[in-house]
Amino acid sequence: MLLLILSVALGVAVVVSVDLANASASRAFRLSTDAVIGKATHQIIGGNASRGFDESVYRDLRLQGNRLTAPIVEEYASAKELGGQVLHVLGVDLFAELPFRTYLTANANVPIEAFAAFFTQPNTALLSGSTAERFGVKVGDKLSLVIGTREHTVTVIGLLTPPNDISARALDGLLLTDISTAQELFGLADKLTRIDLIATDAEVKLLTAKLPDGLRIFPASQQADTVTQLTAAFQLNLTAFSLLALAVGMFLIYNTTLFSVVQRRRTLGILRCIGVTGRQIFAMILIEAAISGVIGSIIGVGLGILLGRLTVALVTQTINDLYFAVTVRSVDVDAFSIVKGILLGVLSALIAASLPAAEAANVPAVTVLQRSDLEARVRRALPAITLLGLVLAIIGGASLASSQNNVMLSFGGIFVGLFGITLFVPILTVALMRFATQTLGRLGLLGRMAARTVTQALSRTSVAIAALMVAVCVVIGVTVMIESFRATVQQWLAQTLTADVYITSPITGANRTVSVEPALVDKIRNVPGIQRVETIRDVNAYAPDLGNVRLIAVSTVENRILKTNRANAIDEWKRGAVFVSEPFANRHNVKVGDRLTMTTERGTQAFEIAAIFFDYSSDQGLVLMSLDVYRNLWDDPNISAIGVYAQRGDEVNQIEDAIRAGIGNANVIVQSNKSLRDAAMVIFDRTFAITATLRIIAVFVAFIGVLGALMALQLERTRELGTLRATGMTLRQLWQLTLLESGLMGATAGLLAIPTGVLLSAILIYVINLRSFGWTIFFEPVPEVYAQALFVSIAAALLAAVYPMLRLSRLQVTEALREE
């Protein structure tokens, strides 16, 4: 019962921790977005939000009678005094704010003198109280803001301290400035990044017709919904892995419940003889499982909350690296996650216990007293079990083949197919043990006995082997997938990052459009030893049919690895066509020859797609355009990064030092090609850190399963072991027998896990990743993983044998031989 409770608790803990982490990250983003959007119903933004649009648009709207409008300048900056934390900077007009946002009212506890300074003193700001408290910032302190490659100093003149915790978390990481201050900070003189509106649908239609070219109006909630969808695939994959840990736990529950039934077979037989019905026995066993499931689920929820504190940090870091800026400082425990965890735990216990309960209920009272009857029926059922496994494997394969872009259905196919494969374990175990009997028989009697014991107790040993096999095959599958992905990304980086040195902004992360001072280009060109300099522009553009798209303008595409293209694709690209990344093509269902419409400062333009290229920088996809074409259509002289090519024979380290000396105190990061690739791989490894934790837990759960099976075998064979001791077998020989049995189970699980793991890795690479993220990953065999998996499987099984061996040392021969 303790093993059953523990298996449920571990499975539920993993599910709850991942669920809480995902929900906390999503809720933090929603809270901060709602705080920034306020009561706005719609927003007006330009085709290139990072460059803004003329503030005269706002003035014209007010003069036309649209009084419920508010101008906004919104960007991100990192603060040195806050450990480099990225702050969400919001420039507002206090006179227009009252109908939209409530954090500037009396509820925010901002003194009136702070508002006076907000208007009259330049470079002043209001900081969220929670952020100030965390970093020890006080009113009057100065913050050094790093914006692009520039640094500005602002004075904190007040703290936003809402009256409740939810509002405080919503404002965490927010820096509020006057709109003129924000314009100066971000180099947006006389420009806005958006205008907030409170308007009816009819008013929106009228406004849309009057907006200048290049501007658009959309519901205020649309941006939040779009950004939340970005992480949907990432969070779904985490949830699926967490459910797998619970699925492995179900094998343990089955094994434990079956042992409980077999251990009490005399009691159950007597109950049947005196009139207890099979239905009553079935209900009794299920009620026992439900009680254990409830206890295990409650413990699991508590463990899940503790584990969630670690998990939320990993999830948040990945979201910040790959998707958007979000600040999560605590785990939000909501009733839904707790109830879901408890229900999953109880349901898994009931499902896993139902088969042993049915066995106990349907066996006639005469044969229930015979231990051999259960194993005989299992042997007779082997063909049917194997056939059912084949049917489930076919159903799982059909689900994978027919699911198309439905990732959830694909995961369902994996679960069904994997369960089908586990039903092959009993017959494969019998075959392997026959081979082991012949092989180990050369070692003597103990070798033959160990192999035959595994076969004779097939009803439980096969389940323990299946649980360990599933856990180890998941380790193989996920490890091979990650290593294949890693090798693919390394190859892609080596072929894509061809410049010797890159100059970028200190602010890093996803979806943050930053600029490098254009004047640096001329300074870098004057550095001795440089062959040529290329510039890169990375912006968010708008496609009327698709929404916001990431647009990268570069000087050349010769180093891009093309997936599909036409013969003269590069020439067409130079003349105005575009390349799209593989995830972009998969997500938006476009192909070579299609046309992509985007809003430019020259009006709406259609660009032909000349090629699709491999790219692993974003699962949302990106569009690649010629830098000359981009500047002609957007009038944007800014640059996001600089690539420097050194002359042959020059040391890259010397070029780096020369560039730093040549650009003076410019606030930029100068990195060699190797350093940039290493930094990208650090982010890659950080992204998959959480899956490594889930893999360890799955193996630990399987280890408990083997321990339970060995204990069950020992308790059930007490009389047999006592007889062996009475007839001369030493304690050392009993230990050897136990180790051999356990080692055989581990070796069987490891051998079966290798082909299953390879199949799982192929599905993860060619189906799940492609459908979730749109990436083509090239399979990397990683042979050492298979040897490690076999070692882990055998080691886990042998470690599980330690406690049963210690129990053997306390075995009393007379007690073992005594009949009731």
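I need the peptides 476-487, 389-400 ranked by packing, meaning the mean over residues of other C-beta atoms within 10 angstrom, with the highest value on top.
476-487, 389-400
The solvent-accessible area of Lys191, taken with every protein chain present and a 1.4 Å probe, is close to 60 Å². Annotation: extensible slack from Arg67 through Val294 equals 76.0 nm (criterion: 0.36 nm per residue apart, minus Cα-Cα distance). Here the calculated FRET efficiency for Asp93 and Asp213, from their Cβ-Cβ distance with R0 = 30 Å, stands at 0.75, rounded to the nearest 0.05.
Any idea what the relative contact order of region 719-813 is, in percent, if you count C-alpha pairs under 8 Å spaced at least 6 apart?
Values: 59 pairs, mean separation 47.9, N = 95.
Contact order relative to length: 50 percent.
Reported value for region 497-610: 140 Å³ per residue, from the convex hull of its C-alpha atoms. For Lys205, the aspartates and glutamates whose Cα falls under 17 Å of its own Cα, not counting residues fewer than eight places away in the same chain, are Asp60, Asp196, Asp213. For Lys563, the lysines whose Cα comes closer than 22 Å to its Cα, not counting residues fewer than 8 places off in the same chain, are Lys574, Lys591.
Taking a straight Cα-Cα cut-off under 14 Å and skipping sequence neighbours fewer than 8 places away in the same chain, the aspartates and glutamates within cross-link reach of Lys80 are Asp141, Glu151. If the segment from Gln733 to Leu445 were pulled out straight at 0.36 nm per residue, it would be longer than the present Cα-Cα gap by 102.6 nm. The tail of the calculated P(r) for region 521-576 beyond 15 Å holds 67 percent of all Cα-Cα pairs.
Rank these residues by their accessible area, most exposed first, probe 1.4 Å: Leu806, Leu215. Don't skip to the answer; put the middle values down first.
On the way: Leu806 90, Leu215 30 Å².
Highest to lowest solvent-accessible surface, that is Leu806, Leu215.
In the neighborhood of Leu596, defined by Cβ-to-Cβ distances under 9 Å, what is the net charge if each Lys or Arg adds +1 and each Asp or Glu adds -1? Surrounding charge for Leu596 is -2. Remark: region 480-494, residue by residue, has Karplus-estimated 3J(HN,Hα) of 5, 4, 5, 5, 5, 4, 4, 5, 5, 5, 4, 5, 5, 4, 5 Hz, where x stands for each Gly or Pro and the curve is 6.51 cos²θ - 1.76 cosθ + 1.60 at θ = phi - 60°. Taking the 1.4 Å solvent-accessible surface of region 542-588 as the whole, the part contributed by carbon and sulfur is 43%. Computed with a 1.4 Å probe over protein heavy atoms only, the accessible area of Asp201 comes to about 110 Å².
Suppose R0 equals 41 Å. What FRET efficiency, 1/(1 + (r/R0)^6) with r the Cβ-Cβ distance, do Ile394 and Asn653 give to the nearest 0.05? The partial results should precede the final answer.
Details: r = 59 Å, r/R0 = 1.43.
So, using R0 = 41 Å, E works out to roughly 0.10.
The values are calculated or read from the model by the stated rules, or taken from the named source; none is laboratory data. Because the structure is a prediction, the values reported are computed rather than measured. So basically every Cβ, Gly included, is an ideal-geometry build from the backbone, and we count neighbours across all protein chains shown. All accessible areas refer to the heavy atoms of the entire protein, side chains included, with ligands and DNA or RNA removed. Shrake-Rupley method; radii C 1.70, N 1.55, O 1.52, S 1.80 Å.
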